[in-house]
Amino acid sequence: MPQITTLAYAEEGDRQDSLASFREQFVITDPDLIYLDGNSLGRLPRATAVRLVDLVQTEWGRDLIGGWNGGWIDLSARIGAKIAQVVGADADEVLVADSTSVNLFKLVVAALMVQPKRHKIITDNLNFPSDLYVLQGAMRLLGRPLQLEVIPSADGVHGPVDALSQAVDDQTALVTLSHVTFKSGYLYDMQAVTTQAQRVGALVLWDLSHAVGAVPVDLRATNADLAVGCTYKYLNGGPGAPAFLYVRRDWQDKLSNPVSGWMGQAHMFNFTLDYEPAPGLRRFLSGTPSVLSLAAIEPGVDLLLAAGLESIRAKSSQQMEYLINLWQEQLLPLGFRLNSPIDPARRGSHISLGHNEGWRITQALIHEMNVLPDFRQPDNLRLGIAPLYTRFVDVWTAVARLRAVVSEKRYENYPQQMTAVT
Ligand SMILES: *Cc1c(COP(=O)(O)O)cnc(C)c1O
């Protein structure tokens, strides 16, 4: 292999890449665009475009209501079973429904209701804000004194592992964290945190949104109680695609869904007036699924399963190592900080670079350099590696264009004021 900060290294990396052909399975309209936002919205798989046309024209257009018997009614469970393979769960432990926030709400309330004598909920300040909002909302309506402890990260990058383990005690009902944090990309040791919390009888709920499809997750081996996650990031399910939820099998009949709708009713089509939860996981469904966006998830999951999570992780690790070496040699002198863990074992699949001009640099990259990262307050340029379609040369080119934006001061043409969605 050539030296690790050269273009030749990237070219050799692409030549030897066993996943290289997966890129052709995605719609790529502009070959010059360096897309580094697959951690926020994954690319469109070609098969998804075909599937959606067929779904709309044939299943909806021709079959009409018959589509429900033709497979729509089972989609939540059937695609859930495929996602289960990606996260190391059994087929009957994962369902697709609603958004991540809504699923989180359902499982948080269920976990707090089953532990009426405990009053502490523990999370960290690296968690996705929506997760904290959901916790606050759930606490307001439960009508008993509950206490939320948001453990701060010492450096804003690494999870506060020691402080967390000190905070968890026999009053703790629930520990909930992002497996990979959305800004710094810190990857928690799921096994260690889960074991520690369960030792004192607390439940553990993992938000896998930034982990699923990017790092190997083994819910079975770690014995995690509950999990939720997103399908439009590394699973490539499409904008607003429904999320998934996981409930370990032995919990399923003990927990109650607070949004107890007819899709989770034991005898759905009896239309009786009193709710009786379905046995097993189906009780965590609420209303009619979004069939169009639900079906769109499947082809992306099939691609991940075909590639294999171990290969995906290996490529992601190698690409991030390359990126970090380039940062050290070429970007550090230009004022970029590493806002992600330096330890590869503690990183997900995106890297945040901090810069005082981060927002303006992001704008210049998008509008002049055909590079699409995203920006997260206060100074983070997030560079997402999605190994199914990110090439080594993309990493090289992105860094070269970043260098140009800063050394040529192109960012000075952009206002400091931020716009709403990045
Ligand atoms: C992206 C993301 C979500 C998304 O939540 P939605 O309700 O689907 O909008 C939730 N949690 C985390 C950690 C995320 O990264």
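The values are calculated or read from the model by the stated rules, or taken from the named source; none is laboratory data. Since the model is a prediction, treat every value here as computed from it, not as a measurement. Here the Cβ positions follow ideal geometry from the backbone for every residue, glycine too, while neighbour counts run over all protein chains shown. We work out accessible area using only protein heavy atoms, side chains counted, and drop any ligands, DNA or RNA first. Shrake-Rupley method; radii C 1.70, N 1.55, O 1.52, S 1.80 Å.
For residues that are in a helix (DSSP H, G or I) and farther than 30 Å from K183 by Cβ, tally how many sit in the stretch 36-75. The qualifying residues number 25. Only a single item in (1) touching a Lys or Arg at 6+ places or on another chain (Cβ under 7 Å); (2) open to solvent by 20 Å² or more (accessible area, probe 1.4 Å) is not met by Y186, and it is number (2). Read through the list (1) modelled with pLDDT of 95 or more; (2) among the hydrophobic types (A, V, I, L, M, F, W, C); (3) more than 11 Å from E357 (Cα to Cα), then give the number of the only condition that V421 fails. It is condition (1) that V421 fails.
Where strands (runs of 3 or more DSSP E) fall entirely within the stretch 339-422, those with at least 1 residues that are of a type in the set (G, A, S) are at 350-354, 380-384. When S153, S99, S76, S178 are checked against the criterion of being over 27 Å from D302 (Cα atoms) and either open to solvent by 30 Å² or more (accessible area, probe 1.4 Å) or not assigned by TED's automatic domain parsing to the domain that holds Q377 (or both), S153 stands alone in meeting it. Residues being assigned by TED's automatic domain parsing to the domain that holds V96 and within 30 Å of G38 (Cβ to Cβ) are entirely absent from the stretch 264-275. In this entry, G287 is excluded by the filter for residues that are assigned by TED's automatic domain parsing to the domain that holds M190, closer than 30 Å to Q198 by Cα and either more than 14 Å from the ligand (Cβ to nearest atom) or modelled with pLDDT under 95 (or both). Among what's in the stretch 216-233 and is open to solvent by less than 10 Å² (accessible area, probe 1.4 Å) and over 17 Å from D90 (Cα atoms), pick the residue that is farthest from the ligand (Cβ to nearest atom). Selected residue: T231.
Yes/no per residue for (1) away from the ligand (no atom under 16 Å from the Cβ); (2) modelled with pLDDT of 95 or more; (3) assigned to a loop (DSSP other than H, G, I, E, B):
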site: R144; (1), (2), (3): yes, no, yes
site: V150; (1), (2), (3): no, yes, no
site: H158; (1), (2), (3): yes, yes, yes
site: T176; (1), (2), (3): no, yes, no
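If the condition is being within 11 Å of the ligand (Cβ to nearest atom) and within 11 Å of the chain's Cα centre (by Cα), then the stretch 234-243 contributes Y234, A243.
The sole residue among G213, G240 that is assigned to a loop (DSSP other than H, G, I, E, B) and surrounded by fewer than 16 Cβ atoms within 10 Å (Cβ to Cβ) is G240. Just checking, does the stretch 352-359 include any residue being among the polar types (S, T, N, Q) and in contact (Cβ under 8 Å) with a residue 60 or more places away in the chain? Yes, because at least one residue in the stretch 352-359 is among the polar types (S, T, N, Q) and in contact (Cβ under 8 Å) with a residue 60 or more places away in the chain. Can you tell me which of G280, G300 is surrounded by fewer than 22 Cβ atoms within 10 Å (Cβ to Cβ) and at pLDDT 95 or above? Being surrounded by fewer than 22 Cβ atoms within 10 Å (Cβ to Cβ) and at pLDDT 95 or above holds for just one of G280, G300, which is G280. For the stretch 115-133, the tally of residues that are away from the ligand (no atom under 11 Å from the Cβ) and either of a type in the set (F, W, Y) or not assigned by TED's automatic domain parsing to the domain that holds V157 (or both) stands at 0.
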